[in-house]
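Enquirer: Let me give you the structure first, and then I'll get to my questions.
The values are calculated or read from the model by the stated rules, or taken from the named source; none is laboratory data. Being a predicted model, the structure only gives us computed values, none of them experimental. Backbone-built Cβ (ideal geometry, glycine too); neighbour counts: all protein chains shown. The accessibility values were calculated without ligands, DNA or RNA, using every heavy atom of the protein model including side chains. Shrake-Rupley method; radii C 1.70, N 1.55, O 1.52, S 1.80 Å.
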Amino acid sequence: DHLRGILWMIASVVAFTAMGLVIKHISSQVELAIIVLFRQWVVLLILVPWLIRSDAPDILTQRLGTHTIRALLALSSFACFAYAVGKLLLADATALMFSSPLWSILVAVVFLGEPVRIRRWTATVIGFVGVLFIVKPAGNVAPAMLVALAGAICVSLSMVLIKKLSTTESPHQILFYFTVVGSLASLGPGIYFWQTPSPGQWMWLISIGVAGFAGQMCVMRAIALAEVTIVAPVDFLRLPLAVVTGFFLFAETPDLWTVIGIISIALASIYIATRET
């Protein structure tokens with residue numbers, strides 16, 4: 001089961017990396033709002049058969065407000081990632097979004113009052129040093145880097161709300177309200193900035209939603225088969241894969257400081273994720 005779980009996690013890495021590559025390819029051709037719109041509505045259409053079969057009592061909730069906030073945070077994190085990928089090196093954008101476990105420590109302390117011991121604080125500091133290596137605040141900080149960090153913070157806040165929701169809500173309910181609320185929230189900006197895509201752009205935009213959905217399903221399958229401590233570190237293969245694909249497909253070459261920062265964030269985040277589990 002562990003081997004199968006790892007293979008499913010590798011499949012998710014491939015799917016999410018493919019989604020990032022497509023976003024980077026098409027971000028200069030269509031508006032960000034349209035990318036977000038397709039990401040949400042393609043997933044919603046894929047889930048329609050499940051929604052039709054589901055019984056209403058399994059979906060109804062008494063915590064609609066919390067579901068809504070969580071969905072908006074998750075939607076914002078994707079929008080931040082899509083914007084950053086279009087403006088930054090693929091490796092930089094991916095690494096900064098992967099700083100979410102570091103922010104989760106701060107969020108857990110501030111909002112949940114969780115105790116954090118010295119080893120996790122040390123890992124957090126090392127991870128944030130890695131962030132500084134990538135951002136390079138001594139020079140001109142690219143606004144897209146700040147957007148990527150904002151996306152990572154949104155992921156952290158979203159995870160806190162998932163923890164709170166999971167005490168009373170099923171995974172199906174959380175997925176349902178994220179998909180529906182996110183789709184409705186993306187509708188307004190998508191209509192406002194709408195420009196009819198070309199046939200080729202339709203294909204790329206639909207593939208973003210399909211890849212995102214496939215990645216999520218692979219992660220859920222991996223966690224169902226194997227222990228989280230076994231499969232979670234595999235997700236960090238996205239970092240070197242982003243470096244390699246960015247180099248070969250977009251001629252992007254990260255500098256030495258960026259590579260050091262990526263390694264620092266990856267090691268710190270893997271340690272924190274393991275300790276959290």
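Enquirer: On the full set of protein chains, 1.4 Å probe, figure out the accessible area of residue 163 and give it in Å² to the nearest 10.
Expert: 100
Enquirer: For residue 159, tell me the accessible area in Å² from a 1.4 Å probe, rounded to the nearest 10.
Expert: 100
Enquirer: With Cβ to Cβ distances under 15 Å as the rule, what net charge do the other residues near residue 144 carry (K, R +1; D, E -1)?
Expert: Cβ neighbours under 15 Å give a net charge of +1.
Enquirer: On a 1.4 Å probe surface of the protein chains, which of 169, 31, 227 comes out largest in accessible area, and what is the full order?
Expert: 227, 31, 169
Enquirer: Suppose a student asked you for the relative contact order of the chain, using Cα pairs under 8 Å spaced at least 6 residues apart; what percent would you report?
Expert: Value for the chain: 44 percent.
Enquirer: Let me ask something else about it. Output wanted: per-residue J couplings in Hz (rounded whole) for region 237-242, from phi through Karplus 6.51 cos²θ - 1.76 cosθ + 1.60, θ = phi - 60°, x for Gly and Pro.
Expert: Calculated HN-Hα couplings, in order: 5, 4, 5, x, 5, 5 Hz.
Enquirer: Given a Förster radius of 25 Å and the C-beta distance between residue 129 and residue 10 as r, what FRET efficiency does 1/(1 + (r/R0)^6) yield to the nearest 0.05?
Expert: 0.30
Enquirer: Additional query: For labels at residue 45 and residue 60 in the simple 7 Å Cα→Cβ model, what's the distance in nm?
Expert: Those two pseudo-labels are separated by 3.1 nm.
Enquirer: On to the next question. Sort 192, 177 by heavy-atom solvent-accessible area, probe 1.4 angstrom, most to least.
Expert: Working: 192 175, 177 25 Å².
Sorted descending by solvent-accessible area, the residues read 192, 177.
Enquirer: For an R0 of 45 angstrom, estimate the FRET efficiency from the Cβ-Cβ distance between residue 116 and residue 191 and round to the nearest 0.05.
Expert: Working: r = 44 Å, r/R0 = 0.97.
Step by step, r from the Cβ atoms, then E = 0.55.
Enquirer: Please report the net charge: other residues with Cβ closer than 13 Å to the Cβ of residue 164, K and R +1, D and E -1.
Expert: Numbers: positive: 63, 70, 163; negative: 114, 169.
Charge balance in the 13 Å sphere: +1.
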